[in-house]
1. Name the residues in region 28-39 that are crowded, with 19+ Cβ neighbours inside 10 Å and not aromatic (Phe, Trp, Tyr), would you?
2. Given the options Val62, Val37, name the one that is assigned to a loop (DSSP other than H, G, I, E, B) and either free of Cβ contacts under 8 Å to residues at least 40 places away in the same chain or acidic (Asp, Glu) (or both).
3. Give Ala81, Ala48 a once-over and let me know the one that is outside the structural domain of Thr249 (by TED's automatic domain parsing) and either under 27 Å from Leu322 (Cβ atoms) or of a type in the set (D, E, K, R) (or both).
4. Given Gly296, Gly240, Gly193, Gly247, which one is out of contact with any Leu (no Cβ under 6 Å at 6 or more places or on another chain) and over 30 Å from Met1 (Cα atoms)?
5. Report the residue count in region 2-59 for those that are touching a Phe, Trp or Tyr at 6+ places or on another chain (Cβ under 7 Å) and at positive phi.
6. Please work out if Phe186 is assigned to a helix (DSSP H, G or I), aromatic (Phe, Trp, Tyr) and either more than 30 Å from Lys33 (Cβ to Cβ) or at pLDDT below 95 (or both).
7. Identify all residues within region 122-161 that are crowded, with 16+ Cβ neighbours inside 10 Å and more than 28 Å from Tyr106 (Cβ to Cβ); write none if there are none.
8. Give the residues of region 123-161 that are in contact with an Asp or Glu (Cβ under 6 Å, 6 or more places away or on another chain) and either among the aliphatic types (A, V, I, L, M) or without any contact (Cβ under 8 Å) to a residue 12 or more places away in the chain (or both), sorted by residue number.
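The values are calculated or read from the model by the stated rules, or taken from the named source; none is laboratory data. The shown structure was predicted, so the numbers you read here are calculated from the model rather than taken from an experiment. When we count neighbours, we look across all protein chains shown, and the Cβ atoms used for this are built from the backbone with ideal geometry, even at glycine.
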Amino acid sequence: MLITEEPIFRRFWYPTLRLEELADGPKPFTLLKEDIVLWQQADGAPAALEDKCPHRSVKLSVDSLVVDGTLRCGYHGWRFAGDGGCVLVPQTPDLAPPARNAAKAYHCRERYGYVWVCLEEPVRDIPDLPHADDPGFRQVFEYQETWDANALRIGENALDLSHVSFVHRETFGEDESPVSPDLDLFEMEDGVGIRCYVPVANREDQQKNLNIADDHTLRKMKITWRLPAVFTIRITYPTGLIHQIIGFTTPIDDERTHRCQFVYRNDTEADAPGENVAAFDRRVAAEDRRILETTGPDYPLDLHAEAHMVLDRPGILMRQILADWLDGPPEERAGLETAAE
């Protein structure tokens, strides 16, 4: 399956850039092969338009400016509102621009400090994130980069604990002791989750981040993947420290993913500097990236297309959920089934 060829994926919200990145002007972004321009309106709310001026098809992200809360094209100065409507043609300022002068607009909102975009009518709201509004947790931004890997492969990797001992042998895994936890697998309306305990190595740099001096420790894990682009990894340590990873996997196209990550932690900067926390998790991500970038653009839903083992149950369920969603949201499928009866 190629994610850009399935219409249902155009109806989900995707995190793109951080809102603060729009403070100095419009920015280009590519979502599911669609070139868009992101910018900030007068009230601070973000807007997303097709990155093409309806006048002469130049990119609205090139040499454009935000003027009086509108996006001004860098070519001829046409100005557009957040809904795409053309509000001014400066060469004929006394004439109201006709409707055909409008640029294509997309659904756009801010949440968690990110600009979220949906290309068509949304089938689900932006997902709630654990600890996002909890004053007992601090947020540590970790990274934002492009991976040359399929977004769904990255999401499945978050649910895959059997790779830990080998891929992450330089950070917290031990290849001589393959991880094989008992999984409590559960299904959500639009995703998959697992709970388990995982013993890990606790090397010197991580000992400082965790304030745990032992060479090994135990992670109590809760991992969720929400269709199509958000995963969470809640790690609770024996000391009570919670390290809640929030991972975004926004598909640029079938082979490239806009990969963002931050964490919520119930400790303080004095306990563990955010810079050091982020540095360790970036090392872990680099190990995943190196492996995942060797996979191709296809994400097979046919369970016979690839071999499996017992610990692949979360990924198998993920593929089954995806296969169901290709026929539309559950409520729409139910309506079709009722009509057929």
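1. Of everything in region 28-39, those that are crowded, with 19+ Cβ neighbours inside 10 Å and not aromatic (Phe, Trp, Tyr) turn out to be Leu31, Leu32, Ile36, Val37, Leu38.
2. None of the others qualify; the one that does is Val62.
3. Numbers: Ala81 fails: either under 27 Å from Leu322 (Cβ atoms) or of a type in the set (D, E, K, R) (or both).
Answer to the check: Ala48.
4. On the way: Gly296 fails: over 30 Å from Met1 (Cα atoms); Gly193 fails: over 30 Å from Met1 (Cα atoms); Gly247 fails: over 30 Å from Met1 (Cα atoms).
Just a single option satisfies the conditions, and that option is Gly240.
5. Selection size over region 2-59: 1.
6. Spelling it out, it is not the case that Phe186 is assigned to a helix (DSSP H, G or I), aromatic (Phe, Trp, Tyr) and either more than 30 Å from Lys33 (Cβ to Cβ) or at pLDDT below 95 (or both).
7. Listed by number, the residues that qualify are His131, Phe137, Arg138, Val140, Asn157, Leu159, Asp160, Leu161.
8. Selection gives Ala149 alone.
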